[in-house]
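Please treat every number below as a calculation from the coordinates, not as lab data. The model shown is predicted, which means the values in this text are computed figures rather than measured ones. Cβ coordinates were reconstructed from backbone atoms using ideal geometry, including for glycine residues, and neighbour counts include every protein chain displayed.
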Amino acid sequence: MSDNKEIKNGDVLFEIEHLQKNFGDLQVLNDISTKIRKGEVVVIVGPSGSGKSTFLRSLNLLEEPTGGVIKFEGRDITDKHSNINLYRQKIGMVFQHFNLFPHKTILENMTLAPIKLLKIPKADAEKEAMELLERVGLTEKAEAYPSQLSGGQKQRIAIVRALCMHPDVILFDEPTSALDPEMVGEVLNVMADLAREGMTMVIVTHEMGFAREVGTRVMFVDEGQIKEENTPQEFFANPKNERLQEFLSKII
Amino acid sequence: MSDFQLKFYTNFIKEDRYLYLLKGLGNTLIITLFAVIIGVVLGFLVAIIRSTYAKTGKLKLLNTLCGIYLTVIRGTPMMIQLMIMFYVVFVSSNNKILVAVIAFGINSGAYVAEIVRSGIMSIDQGQFEAGRSLGFSYPQTMWYIIMPQAFKNVLPALANEFIVLLKETSICGYIGLMDLTRGGDIIRSRTYEAFMPLIAVAIIYLIMVVGLTALVGKLERRLRASER
């Protein structure tokens with residue numbers, strides 16, 4: 001992490017090799033191997049209980065793998081001697097239930113980590129946070145507390161809170177699943193904007209329209225394995241895996 | 001002079017007897033204050049150790065020690081603990097106040113620990129995950145994100161514990177320490193009159209508890225500002 005090697009588009013960000021995760025006897029992830037490159041928008045779909053969220057949460061070790069290797073920017077983060085906290089600064093995460101800090105204002109939510117971890121001066125961190133707030137149209141909420149925001153607003157704040165750390169990639173764990181239907185759009189719009197700007201994103205979602213339009217690659221996870229991955233066009237038009245055909249027929 | 005005035009005079013004014021109450025009150029306050037400090041430090045430490053073990057499986061040995069501490073302290077009467085401290089552990093010490101501070105502090109720590117632990121465990125796991133995902137270490141997440149919320153949630157229970165502690169110091173007389181209660185007792189033994197000194201002592205405790213409650217209420221309202 002010490003060197004400031006520029007990461008170019010197309011460089012491998014994540015290299016996942018034979019990833020395994022067991023909860024006791026239950027095998028949740030069964031030998032997942034894939035690569036995620038800079039600039040990609042990888043959308044992960046699959047039935048509930050398929051392991052897609054566990055896979056996503058393994059990428060920043062919120063779930064600790066029981067086997068296999070995850071390399072982030074060339075370094076093995078599953079090695080127990082590596083300092084995961086430093087890698088996590090580069091891997092943003094947005095949760096289904098937002099997880100804003102209720103005891104802090106929106107501005108404090110956004111600037112806490114940059115000030116404490118990146119040692120950015122408070123004034124600079126706040127200036128940047130305000131610019132980000134403007135981008136998502138929530139400038140007037142800077143001094144509000146999370147409880148005063150709607151779900152859609154909370155999730156937009158959660159996204160810009162992640163952005164404040166200048167991550168190389170952002171993981172989204174069902175970002176719109178806890179939202180009222182009329183608020184889904186505003187969150188997806190922010191995500192689509194990010195994708196257009198070239199942010200690398202890994203997204204677990206049930207929004208197939210979003211996957212088709214914004215994703216650069218769609219991944220079908222079932223029974224703890226990647227059963228199929230392809231460009232969105234191919235993925236939805238010509239699904240080859242039987243389980244995927246069945247899955248798509250049910251939800252579209 | 002009316003009967004009441006006369007009684008008031010013999011119990012409090014004559015021979016400067018009010019000084020027993022004043023000095024006792026001073027001791028009660030000193031013991032409570034320092035016991036609260038020890039109790040809070042000890043309690044938060046034990047609570048963090050126990051909830052860290054519950055969440056991560058780390059600190060197993062310390063967790064076991066904390067478990068023993070909680071069992072022993074909560075399983076025996078405060079009065080016995082105080083007397084063991086004075087007659088057994090610190091048998092050579094003449095500083096009764098110090099012995100009482102330590103005994104009450106260790107006792108209160110056990111109750112504070114369980115209160116704080118319940119506060120930590122009540123914070124949504126998502127808050128931990130959000131903190132960790134930003135790159136905060138476990139201690140940093142605890143400090144910046146979990147503890148401020150947990151503290152706010154347990155403040156009423158903590159205040160209750162401090163009120164209990166304040167009143168519980170009234171057993172200090174058992175080791176011959178003149179606290180507020182003992183001060184009233186001394187007056188009673190001089191004047192052979194129960195009403196005046198006991199009621200006076202009760203009123204002083206009451207005033208202290210009401211004051212403490214008001215103070216905590218104020219703090220609570222300030223901390224709740226984020227939940228409008």
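Taking the alpha-carbon centroid of each part, what is the distance from the range B:39-94 to the range A:67-88 in angstrom?
38 Å
Hey, could you pull the Cα Rg and Dmax for the range A:1-144, both in Å?
For the range A:1-144, the Cα-based Rg and Dmax read 17.6, 51 Å.
Can you give the Kirkwood hydrodynamic radius of the range B:42-81 from its Cα pairs, in Å with one decimal?
One over the average 1/r among Cα pairs gives 10.7 Å for the range B:42-81.
Taking only the alpha-carbon atoms of chain A, what semi-axes of the equivalent ellipsoid follow from 5 times the gyration tensor eigenvalues under a square root, in whole Å, largest first?
29, 22, 16
Can you pull a Stokes-Einstein diffusion coefficient for chain B at 20 °C (1.002 mPa s), Rh from Kirkwood over Cα pairs, as a whole number of µm²/s?
For these conditions, the coefficient is 108 µm²/s.
Using a 10 Å cut-off on Cβ to Cβ distances, tally the other chain neighbours for every residue of B:138-150 and report the average as a whole number.
2
Just need the relative contact order of the range B:2-227 here, percent rounded to a whole number, with Cα pairs under 8 Å and 6+ apart.
Relative CO of the range B:2-227 lands at 30 percent.
Hey, got the average number of other protein chain Cβ atoms within 10 angstrom for residues in A:92-100?
4
Considering only DSSP states other than H, G, I, E and B, which GluC sites (Glu not before Pro) in the range A:1-88 qualify as loop sites with at most 14 other Cβ atoms within 10 Å?
Here the sparse-neighbourhood loop sites are A:Glu6.
With r defined as the distance between the Cβ atoms of B:Glu15 and B:Ser118 and R0 fixed at 51 Å, what FRET efficiency is calculated, to the nearest 0.05?
It comes out at approximately 0.55.
Taking the Cα centre of the range A:53-209 as the origin and placing charges on Cβ (Lys, Arg +1; Asp, Glu -1), which of A:Val187, A:Pro167, A:Met201 is farthest toward the positive end of the dipole?
Checking the options against the dipole of the range A:53-209, the answer is A:Pro167.
Return the calculated 222 nm mean residue ellipticity for chain B, to the nearest 500 deg cm²/dmol, obtained by summing -39500 (n - 2.57) across DSSP H runs with n ≥ 4 and dividing by the residue count.
-25500 deg cm²/dmol
What size of dipole, in debye to the nearest 20, comes out for the range B:2-227 about its Cα centre when the only charges are +1 on Lys and Arg C-beta atoms and -1 on Asp and Glu C-beta atoms?
Once rounded to the nearest 20, the dipole reads 320 debye.
So which GluC sites (Glu not before Pro) in the range A:100-158 pass both tests, a DSSP loop state and at most 10 other Cβ atoms within 10 Å of the Cβ?
Listed in order of number, the matching sites are A:Glu143.
Any idea what the relative contact order of chain A is, in percent, if you count C-alpha pairs under 8 Å spaced at least 6 apart?
26 percent
How far, in degrees from 0 to 90, does helix B:125-134 lean away from the longest principal axis of the Cα atoms of chain B, to the nearest 10?
It works out to around 60 degrees.
Once you average over the residues of A:102-113, how many Cβ atoms of partner chains fall within 10 Å of each Cβ?
Mean partner-chain Cβ count within 10 Å for A:102-113: 4.
Apply the a/c threshold of 1.5 to the C-alpha gyration tensor of the range A:126-252 and tell me whether it is rounded, prolate or oblate.
Taking the square roots of the gyration eigenvalues as a ≥ b ≥ c, the range A:126-252 is prolate.
Work from the charge dipole of the range B:2-227 (Cβ charges, +1 for Lys and Arg, -1 for Asp and Glu, about the Cα centre) and give the residue of B:Ile163, B:Gln5, B:Gly184 farthest towards its positive end.
The residue sitting farthest along the positive end of the dipole is B:Ile163.
Could you give the dipole magnitude of the range B:63-169 about its Cα centre, charging the beta-carbon of Lys and Arg +1 and that of Asp and Glu -1, in debye to the nearest 20?
It works out to roughly 160 debye.
For the protein assembly as shown, build the charge dipole from Cβ charges (+1 Lys, Arg; -1 Asp, Glu) around the Cα centre, then report which of B:Tyr53, A:Gly10, B:Thr28 sits farthest towards its positive end.
Ranked along the dipole, the leading option is B:Thr28.
Taking Cα atoms, how many degrees apart are the long axis of helix B:195-223 and the longest axis of chain B, rounded to 10 and kept between 0 and 90?
20 degrees
For the residue pair B:Ile68 and A:Thr216, what label-to-label distance in nm results when each label sits 7 Å from Cα along the Cα-to-beta-carbon direction?
5.9 nm
Mind checking the range A:148-252 for GluC sites (Glu not before Pro) that DSSP puts in a loop (not H, G, I, E or B) and that have at most 15 other Cβ atoms within 10 Å?
A:Glu197, A:Glu223
Compute the helix-to-body angle for A:106-117: its Cα long axis versus the longest principal axis of chain A, expressed 0 to 90° and rounded to tens.
Roughly 80 degrees, rounded to the nearest 10.
Could you state, as a whole-number percent, how many of the C-alpha pairs of the protein assembly as shown are farther apart than 37 Å?
45 percent
Only Cα pairs under 8 Å and at least 6 apart count here; give the relative contact order of the range B:38-142 as a rounded whole percent.
Value for the range B:38-142: 41 percent.
Dipole size in debye (nearest 20) for the protein assembly as shown around its Cα centre, Lys and Arg Cβ +1, Asp and Glu Cβ -1?
Charge dipole, the protein assembly as shown, about its Cα centre: 1800 debye, nearest 20.
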